[in-house]
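**Q** Quick one: the structure is below, and I'll ask about it shortly.
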Amino acid sequence: CAEGPDASWQGAVDALGRALATLGWKKADTAVTLSNHFVRYALVPPLAGVKRADRAAVAQHQMQAVYGEAARDWRISVGEAGTDANAVAGAVDPQLVEQIEALLRAAGLRPAAIEPFLVGAYNACRKTMNGASAWLAAAEPGRVCVANVQSGRWLALRSQRVSTPLREALPALLEQARLAAAGDMQAGPVYLVSREEPPFKFPAESAWSIEPVVWKH
């Protein structure tokens, strides 16, 4: 699709419409993966007296604190989490979701799910993580999201635009996320999920190691 500003999704939606027009099948349930370029993330901490259902309001406040008044109209979803654990919140422009759903219906398809790439990336490797402390990197051209997950708990999350090859940008981004997070986080295995990034390894002396994960969607 045509390139545009980082958060501009119109070119991607236009490309989706053209692609749907070429499909020969109809009446199918359809899942759509949103690029992390179009999603803003935050970790919503557990707060005393705040019920799980009220976390959306806390997430809305956090998004507005970081991104300003533009976040007031965003559609925010908050993932499941225990009352003593961080929850992952994702925010998107509601018009993006509305246009995707409209295009799918116009093509005779049923919108069954629309989820961010970060969610799909985590689901692709959560069984392999097996509850161990690990880092996740969800990489796309021009952007990478990194997260630290321990026993299913999200302790760190950062999404950043990158302009250099991932093998060069990822070590520094991991270190920034590790140092900025609360607690004593250690370097270690990084589950890398990407459809475009060729396999690579960190130098032998590095405290980080790459565990590539095949993205099948």
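**Q** Output the qualifying pairs, or none if there are none: Cβ atoms under 7 angstrom, residues six or more apart or on different chains, first residue in region 18-44 and in contact (Cβ under 8 Å) with a residue 60 or more places away in the chain, second residue of a type in the set (Ser, Thr, Tyr).
**A** Within 7 Å, the pairs are 36/159; 40/67; 41/159.
**Q** Okay, moving on. Please work out if residue 86 is open to solvent by less than 60 Å² (accessible area, probe 1.4 Å), within 28 Å of residue 20 (Cβ to Cβ) and out of contact with any Gly (no Cβ under 8 Å at 6 or more places or on another chain).
**A** No.
**Q** On to the next question. Residue 25 is checked against (1) of a type in the set (Phe, Trp, Tyr); (2) modelled with pLDDT of 90 or more; (3) more than 20 Å from the chain's Cα centre (by Cα) and fails just one. What number does that condition carry?
**A** Result: residue 25 fails condition (2) only.
**Q** Which of the strands (runs of 3 or more DSSP E) contained wholly in region 142-217 include at least 2 residues that are farther than 23 Å from residue 78 by Cα? Reasoning before the result, please.
**A** Numbers: elements: 143-150, 153-161, 189-193, 209-213.
Answer list for region 142-217: 189-193, 209-213.
**Q** Please work out if residue 58 is free of Cβ contacts under 8 Å to residues at least 24 places away in the same chain and under 17 Å from the mean Cα position of the chain (by Cα). Step through it out loud before you land on a result.
**A** Numbers: free of Cβ contacts under 8 Å to residues at least 24 places away in the same chain: yes; under 17 Å from the mean Cα position of the chain (by Cα): no.
So residue 58 does not fit the description; no.
**Q** Only one of (1) in contact with a Phe, Trp or Tyr (Cβ under 8 Å, 6 or more places away or on another chain); (2) outside any helix (DSSP H, G or I); (3) surrounded by fewer than 20 Cβ atoms within 10 Å (Cβ to Cβ) fails for residue 112. Which number is that?
**A** (1)
**Q** Any residue that is assigned to a helix (DSSP H, G or I), among the basic types (Lys, Arg) and surrounded by fewer than 16 Cβ atoms within 10 Å (Cβ to Cβ) - is there at least one of those in region 75-83? Break it down into steps so the answer makes sense when it comes.
**A** From region 75-83, those assigned to a helix (DSSP H, G or I) are none; that's our starting set.
Scanning region 75-83 turns up no residue that is assigned to a helix (DSSP H, G or I), among the basic types (Lys, Arg) and surrounded by fewer than 16 Cβ atoms within 10 Å (Cβ to Cβ).
The values are calculated or read from the model by the stated rules, or taken from the named source; none is laboratory data. For clarity, every value in this text was computed on a predicted model and none was experimentally measured. FYI the Cβ positions are ideal-geometry reconstructions off the backbone, even for glycines, and counts take in every protein chain you see. We work out accessible area using only protein heavy atoms, side chains counted, and drop any ligands, DNA or RNA first. Shrake-Rupley method; radii C 1.70, N 1.55, O 1.52, S 1.80 Å.
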